[in-house]
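Notes follow the structure.
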Amino acid sequence: MMSSARFFALRLLPGDDLLAALAASVVQREIKAGWIAGVVGSLSQAALRFAGELDSTQLTGAFEIIALSGTLDVEGGHLHLSVADAQGMMRGGHVMPGCIVRTTCELIIGELDELTFTREPCSLSGYDELVITSRNS
């Protein structure tokens, strides 16, 4: 589906929870079909769920955000995060609550103006998965 897009810039402050701040921004801006277009920043805690695991892992220390990608909607979203520690070792996985900004987190959020993202159960994956619909339907 085709759509025009618009972008929002957002800076998170030390101590902010990444997921909570993104959720608040999505609600405030009424973003219906968003994605992470760009990010730079650091975390003092990174909460990640690794592939195939049920529980999250809490990492504590000084981490540089290497990448954050995924989709955003008013019910939440689906985000993956890669971070590097002080030795440059990278870890990555599904973003969970408890990712805490260390110095800054500078985000560019894109929104597709003519689309809406929702999540519905998928019989193939067993998870709630992305459903894309047109706002003009």
All conditions in (1) out of contact with any helix residue (DSSP H, G or I) (no Cβ under 8 Å at 6 or more places or on another chain); (2) surrounded by 13 or more Cβ atoms within 10 Å (Cβ to Cβ) are true of residue 53 except (2)
Q) Out of curiosity, is residue 3 of a type in the set (Ser, Thr, Tyr) and modelled with pLDDT under 95? A) yes
The condition of being assigned to a strand (DSSP E or B), farther than 30 Å from residue 136 by Cα and touching a residue at least 60 places away in the same chain (Cβ under 8 Å) holds, among 110, 41, only for 41
Residue under question is residue 98, and the condition is that it be at pLDDT 95 or above, assigned to a loop (DSSP other than H, G, I, E, B) and surrounded by 14 or more Cβ atoms within 10 Å (Cβ to Cβ); does it hold? yes
In the set 46, 51, 67, 86, the lone residue that is more than 30 Å from residue 135 (Cβ to Cβ), assigned to a strand (DSSP E or B) and not hydroxyl-bearing (Ser, Thr, Tyr) is 46
A careful count of residues in region 113-133 that are touching a Lys or Arg at 6+ places or on another chain (Cβ under 9 Å), of a type in the set (Ser, Thr, Tyr) and in a loop (DSSP other than H, G, I, E, B) gives 1
- Can you find a residue in region 72-83 that is more than 21 Å from residue 33 (Cβ to Cβ) and in a strand (DSSP E or B)? yes
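The values are calculated or read from the model by the stated rules, or taken from the named source; none is laboratory data. Note that the coordinates shown come from a computational prediction; the quantities given were computed from them, not determined experimentally. Neighbour counts are summed over all protein chains in view; Cβ atoms, including those assigned to glycine, are modelled from backbone coordinates with ideal geometry.
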